[in-house]
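One structure below.
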Amino acid sequence: MAQLLEQFINGLVLGGIYALIAVGYTMVYGIIQLINFAHGEIFMFGAYLALMLVTVFNIPFWIAVPASMLLCAMLGMLIDLVAYRPLRDAPRLSALITAIGISLVLQNLARMIWSARPQLFPTETLPAFLISEVNMQTGEILNAIPLPGGGILPYRDVSILLLAVVLMIALNRLIYLTKIGKAMRACAQNRVASNLMGIKTNQVIAVTFAIGSALGAVAGIMVGLSENITPTMGYYKGVAAFAAAVLGGIGNITGAMLGGIIIGLAEVFGAGYISSGYRLAIAYIIMIAVIVIRPSGLFGKSTANRA
Amino acid sequence: MRNWLVGLLIVGFVSVFGCQPPDKNTSETQTKVQKELKVAVAAPYTGGSAAFGEMIRRGAELRENEINEAGGINGMKLTLLFEDDAGKPSEASLVAERIANNPQILAVVGHFNSDCSLAGQEIYDRAGIVELSPGSTAVEVCEGSSWTFRNLYHDGFQGKFIAQYLDNVLTGIESVAVFFDNDAYGRGLRNAFVAEAEKIGLTLVASEAYERDSTNFKAQLTSIKAKNPDAIFISGLYTEASLIVKQGREAGITAQFFGADGVDSPDFLTIAGSAAEGTYLTTPFTFGAGGAEAQQMAADFEALHGVAPDTWAALTYDAVGMIQDALTKTYNAEATIADNRQAIREHLASLDTPEESYKGVTGLTYFDINGDTVNKPAYVKIVKDGQFVAAEKQLRELK
């Protein structure tokens, strides 16, 4: 029972991170019908930039997080400006191939700048409450909430979950309550008509890239807190998050959030209870099963007007 | 007009300096420009096991420098070609094809990852070129081909050794869990460990797998924690092992962590940080146990590269030395490449007793019929104050 609860939390934390990345895929797809394969690399840059800020520039961690978000938002907009905007009216395949190209360029750029060796946030650069470690003599665990039945919930996981929820709610409010949000929804419905109504669609698209990239950067930092930061991290997590976006119905933001949680839980429960060697495979099988039954995903519209 | 003049000048220069009659100084070049002997060193210079590859390259370079400064091999220069397999079997096959088809390469030192050595095995076997691994320990690496050799123990021995060490040397270990990399190395080592553990009465409470390049192990660690083992044996490489140890301690696991030679890399310490403290691991060689030659090699290595060598640098240093030794004794400039490759194999195969062995910094190397090294011991190291040090108690003899 204690194990079940702890696995559930493991799944939620992983799912929250996937959800943050998946939102970036789905927002861009919703507006310009482009699967932005470079999104996983922005997630990776988010982690590396924050690492650079805390280690090379000695900036406190809690400033490095928003700074890295800002830098990645700019990077996302730059990629849109340089790579995707010139291809806005080209066949969709051209933009897709460009996205794959940008992804490769960024991945190799990261390899050149930071080398292929895995890195981590040095313990001394992180706020103390984010580091949980067991005391080998007493078995006591620092910076964690004990759960009934002997499990633990590290403060770090609580922080990741809270931040993910806050960001999701903020994004939801932004899209439904603000003028730019309204413009984004309008563009998602019909970009040409929105343009005719006087919405500056290129600006709206740039803002979409900025928001998605900033959320991706946060996810990258969250992963960097307990896992490796490597030039290929964007690929592995990106694929899982993309699966989450498809599962939720690509183009649908709520769907992406829930899809992320479902993939995260499926991965953890699959590894914990079915077979640990196939943790990702299990998540993908669930995704495929859902897609077979509902081709548009859990929350996708089953209309064909996007084609 | 000017272009025409420049053109004429170029033609003039080329004819004066470039087209000297060939017979004029052939005899001179033959003695002055030495013939090159090429040997490939195939290892993961990029990818997840790149830290191993870096040490392999450095160990090989040190030996190459020493050989060439001492006048080469019978007056011929040794040139090492570093081929990157990225630690992936698919890349290793490509690299192996390239090496096997290069009529200048005489032998291969490598690969490192067992999966890569196995991927290359068939190709080297067909081409008839020696594959001498300084790092692959999976049991099947040397079986089934007369062209594969290694200068360290294999996992049948290592897995047994670890189980006996946990049982006999460490106190209070009764139940164990295995967390293994789902590849040839991880699975083979787990099988050897589990077989011995069951034989000597350790209780195996969990056996969990992970895929290479995974970075999140919390789900499996939570399952293992629920079984409450006294020790957790990680059968895999440092890249994942460092995160397993780190995430395990974060999740509240107090069990003793034990790794094998795949964990033996300085990068294990940097990634795992304070969580690495107290982790035991086995290794085929440690400088603390080496003789004066090993200390000399360590000093030279540090002078050349600015860092201390590790186990893999030493084993590669010896492997290149073994090829050098074979070339010195057998290389015939008149013979075909196939004959020269064959002669190297025959020489290595003839090292089959302690008397007829290669004496290197890592000890005596001699082979059984498979090309497996016989009687090279395993050493146990422990992480203490952020450093690998030899464990207080070593296990000399297996039961």
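Just name the residue that is farthest from the other protein chains (Cβ to nearest Cβ) out of those in the stretch A:150-172 that are crowded, with 19+ Cβ neighbours inside 10 Å and more than 24 Å from B:ALA272 (Cα to Cα). Filtering the stretch A:150-172 for residues that are crowded, with 19+ Cβ neighbours inside 10 Å and more than 24 Å from B:ALA272 (Cα to Cα), the one farthest from the other protein chains (Cβ to nearest Cβ) comes out as A:LEU171. The requirement of being part of a loop (DSSP other than H, G, I, E, B), not aliphatic (A, V, I, L, M) and not assigned by TED's automatic domain parsing to the domain that holds B:GLY48 is satisfied by B:SER214. The set of residues in the stretch B:114-141 being over 20 Å from B:SER235 (Cα atoms) and under 14 Å from the mean Cα position of the chain (by Cα) consists of B:GLU131, B:LEU132. Scanning the stretch B:206-250 for residues that are in contact (Cβ under 8 Å) with a residue 60 or more places away in the chain, crowded, with 24+ Cβ neighbours inside 10 Å and within 8 Å of chain A (Cβ to nearest Cβ) yields a count of 1.
Given the condition surrounded by fewer than 24 Cβ atoms within 10 Å (Cβ to Cβ), outside the structural domain of B:ALA51 (by TED's automatic domain parsing) and in contact (Cβ under 8 Å) with a residue 60 or more places away in the chain, answer yes or no: does some residue in the stretch B:134-143 qualify? Give the derivation first.
Of the residues in the stretch B:134-143, the ones surrounded by fewer than 24 Cβ atoms within 10 Å (Cβ to Cβ) are B:139-140, B:143.
Narrowing the set further to residues that are outside the structural domain of B:ALA51 (by TED's automatic domain parsing) leaves none.
No: zero hits.
Inspect the stretch B:257-265 for any residue being at the interface with another protein chain (Cβ under 8 Å from one of its Cβ atoms) and not basic (Lys, Arg) and give the result as yes or no. Quick ask: steps written out before the conclusion?
Taking the stretch B:257-265 first, the residues at the interface with another protein chain (Cβ under 8 Å from one of its Cβ atoms) are none.
There is no residue in the stretch B:257-265 that is at the interface with another protein chain (Cβ under 8 Å from one of its Cβ atoms) and not basic (Lys, Arg).
Go through the stretch A:50-105 and give me each residue that's free of Cβ contacts under 8 Å to residues at least 40 places away in the same chain, buried (at least 20 other Cβ atoms within 10 Å of the Cβ) and farther than 30 Å from A:THR123 by Cα. Hit for the stretch A:50-105 is A:THR98, nothing else. Against the conditions (1) without any contact (Cβ under 8 Å) to a residue 24 or more places away in the chain; (2) not assigned by TED's automatic domain parsing to the domain that holds B:SER117, B:GLY386 satisfies every one except (1). Scan the stretch B:103-114 for residues that are surrounded by fewer than 24 Cβ atoms within 10 Å (Cβ to Cβ) and either among the basic types (Lys, Arg) or modelled with pLDDT under 95 (or both) and the total you get is 2. Screening A:SER194, A:SER296 for residues that are of a type in the set (S, T, N, Q), away from chain B (no Cβ under 14 Å) and either touching a His at 6+ places or on another chain (Cβ under 9 Å) or not in a helix (DSSP H, G or I) (or both) leaves exactly one candidate, A:SER296. Just so you know, in the stretch A:258-283 the residues that are at pLDDT below 90 and under 17 Å from the mean Cα position of the chain (by Cα) include one that is farthest from the other protein chains (Cβ to nearest Cβ), and it is A:ALA283.
All told, A:ALA22 falls short of being small (Gly, Ala, Ser), within 19 Å of A:PRO127 (Cβ to Cβ) and either in contact (Cβ under 8 Å) with a residue 24 or more places away in the chain or not in a helix (DSSP H, G or I) (or both).
Pick from B:GLY172, B:GLY188, B:GLY156: which is at positive phi and not β-branched (Val, Ile, Thr)? It would help to see each step written out before you state the result.
Values: B:GLY188 fails: at positive phi; B:GLY156 fails: at positive phi.
Selected residue: B:GLY172, the only one of B:GLY172, B:GLY188, B:GLY156 that is at positive phi and not β-branched (Val, Ile, Thr).
Filtered by the rule that a residue be free of Cβ contacts under 8 Å to residues at least 40 places away in the same chain and surrounded by fewer than 19 Cβ atoms within 10 Å (Cβ to Cβ), the stretch A:118-132 gives A:THR123, A:GLU124, A:ALA128, A:PHE129.
Looking at this structure, is A:LEU147 within 14 Å of chain B (Cβ to nearest Cβ) and over 23 Å from the mean Cα position of the chain (by Cα)?
Details: within 14 Å of chain B (Cβ to nearest Cβ): yes; over 23 Å from the mean Cα position of the chain (by Cα): yes.
For A:LEU147, the condition - within 14 Å of chain B (Cβ to nearest Cβ) and over 23 Å from the mean Cα position of the chain (by Cα) - is met.
The residues on offer are A:GLY259, A:GLY272, and the sole one that is closer than 11 Å to A:VAL246 by Cβ, crowded, with 20+ Cβ neighbours inside 10 Å and touching a Ser or Thr at 6+ places or on another chain (Cβ under 9 Å) is A:GLY259.
The values are calculated or read from the model by the stated rules, or taken from the named source; none is laboratory data. Everything quoted here is computed from the prediction, not taken from an experiment. FYI the Cβ positions are ideal-geometry reconstructions off the backbone, even for glycines, and counts take in every protein chain you see.
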